[in-house]
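Following: one structure in structure tokens, then a few remarks.
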């Protein structure tokens, strides 16, 4: 999870474009229209939530007893917050630009891979 959150989650929903251009390209499509909705806010919130999640992951105590309490009280709620924002963003982002597999792809594609 740590590797995925650091390497893939960003305000840039499209790995095909340089990170510095993607938010601009994504949101420029909706410029001067109301069709963009809350995308900019959502992507910013997702970025902030991911940063909080990264900090919480980095702060997991070394002691296993302390870590278990910390994970339940701090990490799991942060994961849930990030997940909720990611689910909302996924619904607003064109599938070809979404850098992660969909739930359906994760659950079902392994049945056909390699055949």
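The values are calculated or read from the model by the stated rules, or taken from the named source; none is laboratory data. Computed from a predicted model, the values in this text were never measured in an experiment. Virtual Cβ from ideal backbone geometry, glycine too; neighbours counted across all protein chains shown.
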Return only the number of the condition from (1) at pLDDT 90 or above; (2) out of contact with any helix residue (DSSP H, G or I) (no Cβ under 9 Å at 6 or more places or on another chain) that residue 114 does not satisfy. (1)
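Scan the range 88-111 residue by residue and report those that are in a loop (DSSP other than H, G, I, E, B) and touching a residue at least 40 places away in the same chain (Cβ under 8 Å).
The answer is 93, 98, 99, 100.
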I'd like the residue in the range 71-87 that is touching a residue at least 12 places away in the same chain (Cβ under 8 Å) and out of contact with any helix residue (DSSP H, G or I) (no Cβ under 6 Å at 6 or more places or on another chain) and, out of all such residues, is farthest from residue 37 (Cα to Cα). 79
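Being exposed (fewer than 12 other Cβ atoms within 10 Å of the Cβ) and at pLDDT 95 or above is the filter; apply it to the range 41-67 and report the residue that is nearest to residue 92 (Cα to Cα).
If we take residues in the range 41-67 being exposed (fewer than 12 other Cβ atoms within 10 Å of the Cβ) and at pLDDT 95 or above, then 55 is nearest to residue 92 (Cα to Cα).
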Enumeration of residues in the range 36-56 that are part of a helix (DSSP H, G or I), in contact with a helix residue (DSSP H, G or I) (Cβ under 7 Å, 6 or more places away or on another chain) and free of Cβ contacts under 8 Å to residues at least 40 places away in the same chain: 40, 49, 52, 56
